[in-house]
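The values are calculated or read from the model by the stated rules, or taken from the named source; none is laboratory data. All values derive from a computational prediction rather than experimental measurement. So basically every Cβ, Gly included, is an ideal-geometry build from the backbone, and we count neighbours across all protein chains shown.
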Amino acid sequence: MEEDVVGTIGNIGSMTGKDGVSAGGIELSGPTKGRYVEPRKEVSTPTRLTKFLCLDDFEISAQRKLPRQIFGYYAGAAETNQSREANRALFKQYAFVPRVLVNVSERSQRKSLFGHVYDAPFGIAPMGLAGLSTFNGDVVLAQSGASENIPAIASATSLAPLERIADEGQSRWFQSYLPGEDARIEAMVDRVESAGFEHFILTADVPVAANRENNVRAGFSIPLTPSLRLAWDGLTHSRWLLKTWFATYYKYGVPHFENMDAFRGPPILSRNVVRAIGARDQLAWRHVSLIRKRWKKTLIIKGILAPEDARLAREHGADGIIVSNHGGRQLDGAASALHVLSEIKHMTGDFTVMVDGGFRRGSDVLKALALGADFVFLGRPFMFAAAAAGLEGVRHAIQLLKAEIDRDMAMLGLHDVNEISGDFIKRI
Ligand code: GLV
């Protein structure tokens, strides 16, 4: 006889449910239905992944595996890292107020977004240079998202051509960095459309490159400047050197910025990179109207923090926004998404408002949903999972987060993730 909840729930990752959701003693099947069952040995998580119990665990492993410059680029933010740290700290200012005794034996965390039903309320944020995290990293992130039925956004600064990310990775979300030049914008929109993407994301918070002193201190620059230190860091990370750098070079040649424009960009070791990025500081709301006329599918603007800009995004025809301070990587001291979320929701009503920045736990995701977010994106943890264990690592990270959300939903008294509201949370 099955019992709703029996004893202590085992370690996350000790088993994988029928639909691939790893949830310790929880079997998840169908639309993430929850029911506690004894862990079954035959479907256990691969041994090399059992040490990863939460998303933060991947960062430790990634730091060991990656050359200092590459890890420094992924982990670092701008200037004093103030916004990156604020993103994390803010979650502690909210506490849950759960409901009890409501029979939560059936739970669903499925979320509908722009006409597609995803298996979880979170996705993979766009991240630059994922191709240096593991072999074919840009495609690996996309494939992981597709196989777990969550969105994975291909980045403009990816090193695989967006067509390959769409074909091999089944990604349907593309994030662009556009110069404020009409002809280049139109050509890029056409390219993204021909590749089969369905969601076009315009990044609005990068008019100029950020001041990433910590990248410089870690020896990272764009272009990557060959130096003795870089060579040494490569040699002392021989597995990465062979399996990521040389494997990439052997199969695809020197990685290029493939997706900054309608044409192939310069190699990452080239001195022309900065010039090739174009005049992004000229980008303005009139370009949103230009894109809206040409792009018939979902249009999203990323990097909004001011409620007034959220209103303008809607007025210019966007279908949704990602409220974001770019993981603290752009304007140091910029507000976090959670700071402004309620105000933006209040101003924009039923407009689709997604968030990113600092999410590491299922409880973080649920806090944002309680504050009114429609969907959450996470970046760095999935990059670190790719570096730590490739495709299986990213899938495991996704499964860990799904399991955390499922467990937290039960303890909050939620049957459906869409039931969460401000009643479940308190500012402390
Ligand atoms: C790229 O988008 C970055 O933030 O480094």
Quiz item: Does Ala204 meet the test of being buried (at least 19 other Cβ atoms within 10 Å of the Cβ), among the small types (Gly, Ala, Ser) and under 30 Å from Leu312 (Cβ atoms)?
Solution: yes
Quiz item: Do any residues in the stretch 305-334 that are within 20 Å of Trp173 (Cβ to Cβ) and among the β-branched types (Val, Ile, Thr) have Cβ atoms under 7 Å from those of residues that are within 16 Å of the ligand (Cβ to nearest atom) and in a loop (DSSP other than H, G, I, E, B), where the two are at least six apart or on different chains, and which pairs are they?
Solution: Val323/Leu305
Exercise. Taking Ala310 as the residue in question, decide whether it is out of contact with any Gly (no Cβ under 8 Å at 6 or more places or on another chain) and either modelled with pLDDT of 95 or more or surrounded by 17 or more Cβ atoms within 10 Å (Cβ to Cβ) (or both).
Key: yes
Self-check item: Selection status of Phe263, modelled with pLDDT of 85 or more, within 26 Å of Arg164 (Cβ to Cβ), within 16 Å of the ligand (Cβ to nearest atom) and of a type in the set (A, V, I, L, M, F, W, C)
Solution: no
Exercise. Could you please give the count of residues in the stretch 207-221 that are assigned to a loop (DSSP other than H, G, I, E, B), surrounded by fewer than 20 Cβ atoms within 10 Å (Cβ to Cβ) and either of a type in the set (Val, Ile, Thr) or touching an Asp or Glu at 6+ places or on another chain (Cβ under 9 Å) (or both)?
Key: 5
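Quick check on this structure: which one of Glu198, Glu148, Glu168 is closer than 25 Å to Leu369 by Cβ, touching a helix residue (DSSP H, G or I) at 6+ places or on another chain (Cβ under 6 Å) and more than 16 Å from the ligand (Cβ to nearest atom)?
Details: Glu198 fails: touching a helix residue (DSSP H, G or I) at 6+ places or on another chain (Cβ under 6 Å); Glu168 fails: closer than 25 Å to Leu369 by Cβ.
Unique residue meeting the criteria: Glu148.
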Exercise. Sort out for me the strands (runs of 3 or more DSSP E) sitting completely within the stretch 36-137 that have 1 or more residues that are within 16 Å of the ligand (Cβ to nearest atom).
Key: 122-124
